[in-house]
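First the structure, in the form of structure tokens, and then the observations on it.
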Amino acid sequence: MNEQIQPILAGRKTLVVGVANEHSIAYGCAKAFRAAGSELAVTWLNEKARACVEPLATELGAAITAPLDVSEPGQLEALFDHIRQRWGRLDNLVHSIAFAPKADLQAGLLDCSAEGFAKAMDVSCHSFIRMAKLAAPLMTEGGALFAMSYYGAQRVVPNYNLMGPVKAALEAACRYLAYELGPAGIRVHPISPGPMKTRAATALKDFDLMLNAAAQKAPLGELVDIMDVGFACAYLASDFARRITGDVVHIDGGANVVA
Ligand SMILES: NC(=O)c1ccc[n+]([C@@H]2O[C@H](COP(=O)([O-])OP(=O)(O)OC[C@H]3O[C@@H](n4cnc5c(N)ncnc54)[C@H](O)[C@@H]3O)[C@@H](O)[C@H]2O)c1
């Protein structure tokens, strides 16, 4: 594919949360937004992750880099303060994070613990609402918020377990945020990528079976990659998509339309 794209996001400022390594969907988004001309803010989870993420952020010329663990009180607020001081505004936010304790993730939904469910919901869903609340006042000229979901939100995907209801809540949160933020010109895009081999995905039981099934089911006959997600999000962030909001956008080679 020709990966040269027009600078449709020139002058825009984008916060990307969720880069762990070069396989992360967030890294594909950061690369595509940069290629489309946006300035970037990139976060890492903690000091251990920093060693991997900082060189990627440098390679992308990120103007702002910072730690962010959404479970640590005050870190989100500090990040948005930093962005306000440095940029004074924000145009796009990519939330590409999820977490569930492994034992809860690998148990069936019936057997996950209340604590595990609450933790997964907090990191993977409620943190998006907190980010939207902090981002909105900085989106003085409108903007776009992205959250990564998965088909398991809409239909049962074996082994997706508690993440199914968590992603369903995330998609519903996107619709309600689209409704509440629409008057401010802020669009909200729940994105549903097909499966990709990333660190988070490999925590799912029998993930390779999910990959095989996805490739076989997709009318386009191929798995998607992180740049497919990145470029689609860059388009959605641009003025060309200015009347699209709230809808789940599947980036899955069409797999979701096949029974
Ligand atoms: N890989 C897939 O097949 C696939 C498909 C559809 C959707 N998704 C979703 O895409 C998103 C990104 O996942 P990925 O597949 O790129 O994997 P990844 O492991 O590269 O990214 C997950 C990110 O979540 C971050 N994270 C976890 N807990 C956090 C916390 N407390 N605070 C801040 N960040 C935290 C990690 O640091 C990591 O950067 C997730 O929401 C995932 O559910 C993945």
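Which residue, of Asp104, Asp122, Asp69, is under 17 Å from Leu177 (Cα atoms) and either open to solvent by less than 60 Å² (accessible area, probe 1.4 Å) or touching a Leu at 6+ places or on another chain (Cβ under 7 Å) (or both)? Talk me through it step by step, then tell me what you get.
Details: Asp104 fails: under 17 Å from Leu177 (Cα atoms); Asp69 fails: under 17 Å from Leu177 (Cα atoms).
On inspection, the qualifying residue turns out to be Asp122.
Assuming Leu170 fulfils every condition listed in (1) open to solvent by less than 20 Å² (accessible area, probe 1.4 Å); (2) within 12 Å of the ligand (Cβ to nearest atom); (3) more than 18 Å from Ser24 (Cα to Cα); (4) more than 13 Å from the chain's Cα centre (by Cα) apart from one, which condition is it?
All conditions are met except number (4).
Say whether the condition of being out of contact with any His (no Cβ under 7 Å at 6 or more places or on another chain), farther than 16 Å from Met227 by Cα and of a type in the set (Gly, Ala, Ser) is met by at least one residue in segment 13-34.
No, the conditions are met nowhere in segment 13-34.
Okay, residues lined up against (1) within 16 Å of the ligand (Cβ to nearest atom); (2) farther than 26 Å from Thr202 by Cβ:
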{"site": "Pro7", "(1), (2)": "no, yes"}
{"site": "Gly18", "(1), (2)": "yes, no"}
{"site": "Lys31", "(1), (2)": "yes, no"}
{"site": "Ala41", "(1), (2)": "yes, yes"}
{"site": "Lys48", "(1), (2)": "yes, no"}
{"site": "Val70", "(1), (2)": "yes, no"}
{"site": "Pro73", "(1), (2)": "yes, yes"}
{"site": "Ala98", "(1), (2)": "yes, no"}
{"site": "Ala107", "(1), (2)": "no, no"}
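Given the conditions (1) surrounded by 17 or more Cβ atoms within 10 Å (Cβ to Cβ); (2) among the hydrophobic types (A, V, I, L, M, F, W, C); (3) over 17 Å from Val248 (Cβ atoms), and given that Ala147 satisfies all but one, which numbered condition is not satisfied?
Failing condition for Ala147: (3).
What do you reckon, is Arg34 modelled with pLDDT of 95 or more, assigned to a loop (DSSP other than H, G, I, E, B) and among the basic types (Lys, Arg)? Full working, then the answer.
Values: modelled with pLDDT of 95 or more: yes; assigned to a loop (DSSP other than H, G, I, E, B): no; among the basic types (Lys, Arg): yes.
So Arg34 does not fit the description; no.
Which condition number does Met227 fail, the rest of (1) surrounded by 14 or more Cβ atoms within 10 Å (Cβ to Cβ); (2) modelled with pLDDT of 95 or more; (3) farther than 30 Å from Leu90 by Cβ being met?
Checking Met227 against (1) surrounded by 14 or more Cβ atoms within 10 Å (Cβ to Cβ); (2) modelled with pLDDT of 95 or more; (3) farther than 30 Å from Leu90 by Cβ, the one that fails is (3).
The values are calculated or read from the model by the stated rules, or taken from the named source; none is laboratory data. Only a predicted model underlies this, so the values are computations on that prediction, with no experimental measurement involved. Virtual Cβ from ideal backbone geometry, glycine too; neighbours counted across all protein chains shown. The area values use the complete protein model at the heavy-atom level, side chains included, leaving out ligands, DNA and RNA. Shrake-Rupley method; radii C 1.70, N 1.55, O 1.52, S 1.80 Å.
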